[in-house]
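To start, the structure under review is shown below, and the notes come after it.
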Amino acid sequence: QVQLVESGGGLVQPGGSLSLSCTASGPILSIYSMGWYRQAPGKQRELVAKIHSDGVRNIADSVKGRFTISRDNTKDMVSLQMNSLNSYDTAVYFCNANLLLRGSVGPTGFWGRGTQVTVSS
């Protein structure tokens, strides 16, 4: 059974920093991509940042220059360092992974349960 376990998040003041981590476990043969999406109240879920197996990164324009995504292939883990946070960053952040599992012929997408990030003074 595949699990994506998220950690980090919480309450931070405007201009502050937070770090999120997500570790994948289960019958994983390879990781096509891992990344983070977020969903603010009343809004659709949107891509924040994603990193592919070849190292290519997709970063939302709204967080470029402030957020950094990195991956530890030895631990099947992805991290998101978030700096210069503002109120627009307040949302539930979800880990997403596209994984090739043992016995599968193609990748399958998985989601974590989400972690709340609140930016407020």
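Considering only residues that are part of a loop (DSSP other than H, G, I, E, B) and not basic (Lys, Arg), which ones fall in region 60-74?
Listed by number, the residues that qualify are Ala60, Gly65, Asn73, Thr74.
Checking Trp111 against (1) of a type in the set (A, V, I, L, M, F, W, C); (2) within 12 Å of Gly9 (Cα to Cα); (3) in contact with a Phe, Trp or Tyr (Cβ under 6 Å, 6 or more places away or on another chain), which test does it fail?
Of everything listed in (1) of a type in the set (A, V, I, L, M, F, W, C); (2) within 12 Å of Gly9 (Cα to Cα); (3) in contact with a Phe, Trp or Tyr (Cβ under 6 Å, 6 or more places away or on another chain), Trp111 misses just condition (2).
When the residues of region 39-59 are narrowed to those that are more than 8 Å from the chain's Cα centre (by Cα) and in a strand (DSSP E or B), which ends up surrounded by the most Cβ atoms within 10 Å (Cβ to Cβ)?
Step by step, filter region 39-59, then rank; the result is Ile51.
So, of the residues in region 102-121 that are among the hydrophobic types (A, V, I, L, M, F, W, C) and buried (at least 17 other Cβ atoms within 10 Å of the Cβ), which turns out to be nearest to Ser19 (Cα to Cα)?
By that ranking, first place goes to Val117.
Okay, residues lined up against (1) polar (S, T, N, Q); (2) under 11 Å from the mean Cα position of the chain (by Cα); (3) open to solvent by less than 50 Å² (accessible area, probe 1.4 Å):
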residue: Gly65; (1), (2), (3): no, no, no
residue: Asn73; (1), (2), (3): yes, no, no
residue: Ser84; (1), (2), (3): yes, no, no
residue: Ala97; (1), (2), (3): no, yes, yes
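Among what's in region 99-121 and is of a type in the set (Gly, Ala, Ser) and within 12 Å of the chain's Cα centre (by Cα), pick the residue that is farthest from Arg66 (Cα to Cα).
Taking the candidates together, the pick is Gly112.
To keep it simple, each residue is scored yes or no on (1) in contact with a Ser or Thr (Cβ under 6 Å, 6 or more places away or on another chain); (2) touching a residue at least 60 places away in the same chain (Cβ under 8 Å).
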| site | (1), (2) |
| --- | --- |
| Leu18 | no, yes |
| Pro41 | no, no |
| Arg57 | no, no |
| Asn73 | no, no |
| Met77 | yes, no |
| Asn83 | yes, yes |
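Inspect region 2-25 for any residue being more than 16 Å from Val117 (Cα to Cα), open to solvent by 40 Å² or more (accessible area, probe 1.4 Å) and not in a strand (DSSP E or B) and give the result as yes or no.
No, because not a single residue in region 2-25 is more than 16 Å from Val117 (Cα to Cα), open to solvent by 40 Å² or more (accessible area, probe 1.4 Å) and not in a strand (DSSP E or B).
The values are calculated or read from the model by the stated rules, or taken from the named source; none is laboratory data. In this text, all values refer to a predicted model and were calculated from it rather than measured experimentally. Every residue, glycine as well, gets a Cβ built from its backbone with ideal geometry; the counts of neighbours run over all protein chains shown. The area values use the complete protein model at the heavy-atom level, side chains included, leaving out ligands, DNA and RNA. Shrake-Rupley method; radii C 1.70, N 1.55, O 1.52, S 1.80 Å.
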